[in-house]
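The values are calculated or read from the model by the stated rules, or taken from the named source; none is laboratory data. Because the structure is a prediction, the values reported are computed rather than measured. Every residue, glycine among them, receives a Cβ derived from its backbone with ideal geometry; neighbour counts consider all protein chains shown. Areas reflect the complete protein model, heavy atoms only, side chains present, ligands, DNA and RNA absent. Shrake-Rupley method; radii C 1.70, N 1.55, O 1.52, S 1.80 Å.
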Amino acid sequence: QPSLEQQAPIQARPGGPDNSPKSDQTVDVTKGTRLVLSNNAGEVVVRSWERDQVRIQATHGARETITAETTDMTLRIRTQRKEGSRGPGGLVDYQVTVPRWMPVNLSGTYLDATIEGTTAEVTVETVHGNARVVGGNGAVSLRSVEGVITVDKASGRVQATTVNEGIRIT
């Protein structure tokens, strides 16, 4: 019976995030553009700054690539599988920095979302994940089935729905 000290640490993510490919790109955006990001599994952290640019940093496996394209005043960020990749999609963690004025829409199944410092609309839809917003303005809508929802300092209309966990609004 090995003692606890000798057991290898448990890693939640196979291979660990350190040796995953990382993407880092910055996109210019014009006022009125909204951000739409869908991420099936992983964490998305959105912070804000004063520039009219969106910086997208992502940690992901070798089988995924990150695409960002703007059409119809919508910047869509997606995780795409590389050609010929088999098996389930991997976890992708995003850190996205957006202009304060930019509306943010995040969705995913196993998505954990944190959004801080925006002064625009925020929408998060997840199934197995927590959603946390600090800021937000106008319409703030957060939905989860099995996740905790936290809203701080939002102004406007806040809609928060979760089935199996709690909601905290301050």
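Here are the numbers:
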{"read-out": "Cut-off 14 Å between beta-carbons: net charge of the residues surrounding residue 66, Lys and Arg +1, Asp and Glu -1", "value": "+3"}
{"read-out": "³J(HN,Hα) computed for each position of region 145-155 - Karplus, 6.51 cos²θ - 1.76 cosθ + 1.60, integer Hz, glycine/proline x", "value": "9, 10, x, 8, 10, 10, 10, 10, 6, 7, 10"}
{"read-out": "For region 127-169 and region 98-122, distance of Cα centres in Å", "value": "11 Å"}
{"read-out": "Per-residue SASA entry for residue 65, accessible area with 1.4 Å probe, Å² rounded to 10", "value": "50 Å²"}
{"read-out": "DSSP bridge orientation in the chain - percent antiparallel, rounded to nearest 5", "value": "30 percent"}
{"read-out": "Karplus-derived 3J(HN,Hα), 6.51/-1.76/1.60, for each residue of region 58-73, Hz, glycine and proline x", "value": "9, 10, 7, x, 5, 8, 10, 10, 10, 10, 9, 9, 9, 9, 6, 6"}
{"read-out": "Label point 7 Å beyond Cα of residue 27 along Cβ direction - residues of region 73-102 with amide nitrogen under 17 Å", "value": "73-81, 93-102"}
{"read-out": "Stretchable slack from residue 128 to residue 81, in nm (0.36 nm times residue separation minus alpha-carbon distance)", "value": "14.7 nm"}
{"read-out": "Most to least accessible of 93, 28, 72 (protein chains only, probe 1.4 Å)", "value": "72, 28, 93"}
{"read-out": "Förster-model FRET efficiency, 45 Å R0, residue 100 and residue 62, C-beta, rounded to 0.05", "value": "0.85"}
{"read-out": "Mean shadow area of region 66-170 over all directions, Cα convex hull, nm²", "value": "7.3 nm²"}
{"read-out": "Per-pair calculated FRET efficiency, R0 = 22 Å: residue 109 and residue 167 via Cβ, rounded to 0.05", "value": "0.65"}
{"read-out": "Under 5 Å, built H, 5+ apart or other chain: amide partners of residue 112", "value": "42, 43, 44"}
{"read-out": "Partners for residue 153 among aspartates and glutamates (Cα-Cα distance below 18 Å; same-chain residues under 8 apart left out)", "value": "116, 121"}
{"read-out": "Inter-probe distance in nm under a simple model that places probes 7 Å from Cα toward Cβ, at residue 38 and residue 157", "value": "2.5 nm"}
{"read-out": "Size of electric dipole in the chain: Cβ of Lys, Arg +1 and of Asp, Glu -1, about Cα centre, debye, nearest 20", "value": "240 debye"}
{"read-out": "Kirkwood estimate for region 27-78, i.e. one over the average of 1/r between Cα atoms, Å", "value": "12.2 Å"}
